[in-house]
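Only one structure is covered here, and it is reproduced in the block below.
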Amino acid sequence: MIVQALLGEFMYEAENTRKLLQAIPDSALDWKPSEKNWTTGQLASHIAEVYNWYPSTLQQSTFDMGVYKYDKGDISKAANIVAKFEENFLIARASLEAATDASMMEPWSMVMGEKQLMPPMPRIQVVRGFLMNHLYHHRGEMVVYLRASGNMVPALYGNTADSKGF
């Protein structure tokens, strides 16, 4: 029941992620709100990357960021970022579909070598916080990036100033 509920939200929200990434024009990829921030392309790539964390979160008890490697590919074109999202989405969905309710209660932690980054906690808490809520946070940033750079914002949870309907 836990996995089925998560899978329902995952599928619904993946469609919103897809809409958001597809709304990014190539002309916006180098834009960033300040020198401290990522570019739009870097932020979009990170949004796609979060889906790559599902296997490590759902199939391992410890995620070692010290050995984690991610090939973001060519982020100079928005279509490439969308393609990477689609690739990562399929892997994430398969990982979530293979999970069990019992596995969601098992402890999980994040380390960087010997350093504890996230203390052991039930995997369900990690899925909600580290994967889902983290993703929603960055999608919110992307909405602000799009609006601030003069680009259209897609309707995700209802109308936006740019949409006329759902």
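The values are calculated or read from the model by the stated rules, or taken from the named source; none is laboratory data. Keep in mind the model is a prediction, meaning the values are calculated, not measured. All Cβ positions, even for glycine, are placed from backbone atoms using ideal geometry, and neighbour counts span all protein chains on display.
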Which numbered condition K84 fails, given (1) part of a helix (DSSP H, G or I); (2) among the basic types (K, R); (3) surrounded by fewer than 20 Cβ atoms within 10 Å (Cβ to Cβ): (3)
Subset of segment 31-42 (residues that are surrounded by 17 or more Cβ atoms within 10 Å (Cβ to Cβ) and touching a Lys or Arg at 6+ places or on another chain (Cβ under 8 Å)): T40
Filter result for K19 (in contact (Cβ under 8 Å) with a residue 40 or more places away in the chain, more than 19 Å from G129 (Cα to Cα) and either under 16 Å from the mean Cα position of the chain (by Cα) or part of a helix (DSSP H, G or I) (or both)): yes
Filter result (more than 22 Å from the chain's Cα centre (by Cα) and at pLDDT 95 or above) within segment 137-166: G150
Matching residues in segment 1-30 - criterion: being aromatic (F, W, Y) and surrounded by 14 or more Cβ atoms within 10 Å (Cβ to Cβ): F10
Test: residue in segment 87-99 that is surrounded by 13 or more Cβ atoms within 10 Å (Cβ to Cβ), assigned to a loop (DSSP other than H, G, I, E, B) and free of Cβ contacts under 8 Å to residues at least 24 places away in the same chain: no
Given (1) buried (at least 16 other Cβ atoms within 10 Å of the Cβ); (2) part of a helix (DSSP H, G or I), index of the condition G140 fails: (1)
Residue match in segment 111-119 (condition: more than 24 Å from M11 (Cα to Cα), modelled with pLDDT of 95 or more and surrounded by 14 or more Cβ atoms within 10 Å (Cβ to Cβ)): yes
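Looking at I75, I124 in this structure, which one is of a type in the set (V, I, T), more than 19 Å from T17 (Cβ to Cβ), at pLDDT 95 or above and in contact with a helix residue (DSSP H, G or I) (Cβ under 9 Å, 6 or more places away or on another chain)?
Details: I75 fails: more than 19 Å from T17 (Cβ to Cβ).
Going through I75, I124 in turn, just one is of a type in the set (V, I, T), more than 19 Å from T17 (Cβ to Cβ), at pLDDT 95 or above and in contact with a helix residue (DSSP H, G or I) (Cβ under 9 Å, 6 or more places away or on another chain): I124.
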Meets criteria (of a type outside the set (S, T, N, Q), part of a helix (DSSP H, G or I) and in contact (Cβ under 8 Å) with a residue 40 or more places away in the chain) for F63: no
